[in-house]
Amino acid sequence: MRQNRVIGLVLISMVLLASARPVAAQLNSVKVGHSAFADEAVLYLARDVGIFRKYGIHLELIYIPGGSVAMQALLGKSLDFSLAGGTQLVFAQLKGADLRMIGGLNNRLPYVLMAREGISSAEQLKGKKVGISRFGSNTDFVVKLAATQLGLNPKRDIQVIQVGGQETRMVAMKTGAIDATVLVPELVLVGRRLGFNPLLDFVAKGIEYQHIGVAARVDYLKSQGDLVRRFMRAYLESIHYYLGHRDEAVKKTLQLMKIDDRQIGEYGFDIRLKTLPADGKPTVKGIQLCLDDAAEDDPKAKAMTAQSLIDLSFLP
């Protein structure tokens, strides 16, 4: 009898294990590319607490330095989604891609133009080197906008140079390889401690701009409709969880940015309260700003509308 009971328990265990495997197998892998670690903490935190798994999704977050490089990976089908800026989406669309912005993650310009020690005015910035990540990126757009607002001609009065990610640009500015760059709020505080001078604060201006949103190929949206809808339900829940769990959100951001300063994390979270859309929607006005900028160099952008680049049908 005891032997039969043992055999029975073994058989039950085998059945339970066998039935558990398909559940794991049913998780759909979704690859999401990103090029920074500030706003993106929303998804990292959500993955940690199991929000995406609840919707049957195994979320793979892939860091790719440079938003335009991440966009190339999306177009090459190495990614399912890219956390991309409106500028990257518009440029790709103008070159023949078929993309849509299906969600918003940061709907305001979160940058501050910072200059190295000794440069504290627009006049002193003339002829100097200003670092961006890559041409066609968010930082490319923001530097041109900043120069214009400072009364400078971005094509004649400054030298725009491709440098790389924010940390790389900060090192380049500290060593004198570049004279200025744009930084997100968390790194602005770090920059101040290094002696950098703020020349223009877009955070304070609150300008609507699609700094980061969820970009996807139209062919993927058509072929994976159910998966996309589940992803966006999890996405919206991720935003709400982040906004409702300040302490966890701050810790996750500091961990990802490899910064051990609670003040910096708190400051970044307060900024995100203003830039992170609670409804998960991208900003029409912010994408139109990208189109208007692109139209200066490519007339085709004048025939496009922000609404044509947005698809809200997957949001719950």
On a 0 to 90° scale, report how tilted helix 2-25 is relative to the longest principal axis of the chain, with both axes built from alpha carbons and the result rounded to the nearest 10.
-> 30
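If the chain were replaced by its equivalent ellipsoid, with semi-axes equal to the square roots of 5 times the Cα gyration tensor eigenvalues, what would those be, largest first, whole Å? Present the calculation step by step, with values, prior to reporting the outcome.
On the way: eigenvalues 334, 111, 50 Å².
Working through the eigenvalues yields semi-axes of 41, 24, 16 Å.
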Tell me which residues come under 5 Å, amide H to amide H, from L105 once H is placed; ignore anything under 5 positions away on its chain.
-> I212, G213, V214
When E266, E40 are ordered from fewest to most other Cβ atoms inside 10 Å of their Cβ, what list results?
-> E266, E40
From the phi of every residue in region 117-124, what ³J(HN,Hα) in whole Hz does the Karplus formula 6.51 cos²θ - 1.76 cosθ + 1.60 yield, where θ is phi - 60° and glycine or proline is x?
-> 3, x, 10, 10, 8, 5, 4, 6
Sequence order, region 139-149: Karplus ³J(HN,Hα) from phi using 6.51 cos²θ - 1.76 cosθ + 1.60, θ = phi - 60°, Hz rounded, Gly and Pro as x, gives 5, 4, 4, 5, 5, 5, 5, 4, 4, 4, 5
Take the Cα atoms of region 201-316, find their three principal axes, and give me the spread along each one in whole Å, biggest first.
-> 46, 39, 22
Measure out, as a whole number of angstrom, how far apart the alpha-carbon centroids of region 36-51 and region 89-156 sit.
-> 26
Using alpha-carbon positions, the gyration tensor of region 20-177 gives root eigenvalues a ≥ b ≥ c; with a/c under 1.5 called rounded, otherwise prolate if a/b exceeds b/c, else oblate, the class is prolate
Looking at the chain, which longest stretch skips every one of the trypsin sites (Lys or Arg not before Pro) that is in a DSSP loop with at most 12 other Cβ atoms within 10 Å, leaving the sites themselves out?
-> 157-257
Percent of Cα-Cα distances greater than 22 Å, calculated over region 23-95 = 27
Relative to the longest principal axis of the chain, what angle (0 to 90°, nearest 10) does the C-alpha long axis of helix 262-275 take?
-> 90
By the gyration tensor of its Cα atoms, with a ≥ b ≥ c the square roots of the eigenvalues, what is the shape of region 112-205: rounded for a/c under 1.5, prolate for a/b over b/c, or oblate?
-> rounded
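Every read-out reported here was derived from the displayed coordinates using simple, explicitly stated rules and does not represent laboratory data. All values derive from a computational prediction rather than experimental measurement. Please note: Cβ atoms are built from the backbone with ideal geometry, for glycine as well, and neighbour counts cover all protein chains shown.
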